[in-house]
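Colleague: One structure is given below, represented as structure tokens, and several questions about it will come after.
The values are calculated or read from the model by the stated rules, or taken from the named source; none is laboratory data. Just so you know, these numbers come straight off a predicted model, no measurement behind them. When we count neighbours, we look across all protein chains shown, and the Cβ atoms used for this are built from the backbone with ideal geometry, even at glycine.
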Amino acid sequence: MQNRTTVFYVDDNPKSSRLLTCVLEECGFRVITKNDPIEALALCRRTYFDVALLDYEMPKMSGSKLAQEIKYLVPDVPVVMISGRTELPSSELAFVDAHFGFGTVLDDLLWTMRILVRPQVVMPSQSLADQREMTRWADST
């Protein structure tokens, strides 16, 4: 299936990451996963994705700081934050399009991610084949 929505998922907890990745893939998403926010930021610069899904509490760089960096690199890509907290300060959500915390229903997260993704627009200088090739390369790193 070539036209699946690509999720760039960053979570420092490998168990949580594996679980949610399986769920997302079962629901039709294509998932690029990183457990280190610094590595994720480097990968973000050289891969294509439709939506970023970020854990809030991570070592080295918080999810809100990573959201800010991603928005600087790809401003049109929606960012969804997940956390174990019910609420986060508005200053932590300045670069986040949606936040899901404690008590979130999985269907709400999935629905919101689908709604936030805009129709894919290919830049004239970059064909869809080029975007897919870049993503295949990034997956292999």
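Colleague: Please work out if LEU24 is closer than 25 Å to GLU87 by Cβ, in contact with a strand residue (DSSP E or B) (Cβ under 7 Å, 6 or more places away or on another chain) and of a type outside the set (Val, Ile, Thr).
Modeller: Spelling it out, LEU24 is indeed closer than 25 Å to GLU87 by Cβ, in contact with a strand residue (DSSP E or B) (Cβ under 7 Å, 6 or more places away or on another chain) and of a type outside the set (Val, Ile, Thr).
Colleague: Looking only at region 35-45, count how many residues are crowded, with 20+ Cβ neighbours inside 10 Å and touching an Asp or Glu at 6+ places or on another chain (Cβ under 9 Å).
Modeller: Summing the residues that are crowded, with 20+ Cβ neighbours inside 10 Å and touching an Asp or Glu at 6+ places or on another chain (Cβ under 9 Å) in region 35-45 gives 2.
Colleague: Let me ask something else. Name the one entry in TYR56, TYR48 that is aromatic (Phe, Trp, Tyr), within 17 Å of MET113 (Cα to Cα), modelled with pLDDT under 95 and crowded, with 19+ Cβ neighbours inside 10 Å.
Modeller: Sole residue among the options that is aromatic (Phe, Trp, Tyr), within 17 Å of MET113 (Cα to Cα), modelled with pLDDT under 95 and crowded, with 19+ Cβ neighbours inside 10 Å: TYR48.
Colleague: Specify the residue that is surrounded by the fewest Cβ atoms within 10 Å (Cβ to Cβ); the eligible residues are those in region 114-141 that are modelled with pLDDT of 55 or more and more than 23 Å from ALA42 (Cα to Cα).
Modeller: PRO119
Colleague: Another one. Out of all the residues in region 4-55, which are part of a strand (DSSP E or B), more than 14 Å from PRO78 (Cβ to Cβ) and hydroxyl-bearing (Ser, Thr, Tyr)?
Modeller: THR33
Colleague: Then there is this: If you take the residues of region 84-119 that are assigned to a loop (DSSP other than H, G, I, E, B) and aromatic (Phe, Trp, Tyr), which of them is nearest to the chain's Cα centre (by Cα)?
Modeller: Among residues in region 84-119 that are assigned to a loop (DSSP other than H, G, I, E, B) and aromatic (Phe, Trp, Tyr), the one nearest to the chain's Cα centre (by Cα) is PHE95.
Colleague: Within region 63-106, work out how many residues are touching a Ser or Thr at 6+ places or on another chain (Cβ under 6 Å) and surrounded by 11 or more Cβ atoms within 10 Å (Cβ to Cβ).
Modeller: Initial filter on region 63-106 (touching a Ser or Thr at 6+ places or on another chain (Cβ under 6 Å)): 92, 98, 101-102.
Imposing the further condition that a residue be surrounded by 11 or more Cβ atoms within 10 Å (Cβ to Cβ) reduces the set to 92, 98, 101.
Residues in region 63-106 being touching a Ser or Thr at 6+ places or on another chain (Cβ under 6 Å) and surrounded by 11 or more Cβ atoms within 10 Å (Cβ to Cβ): 3 in total.
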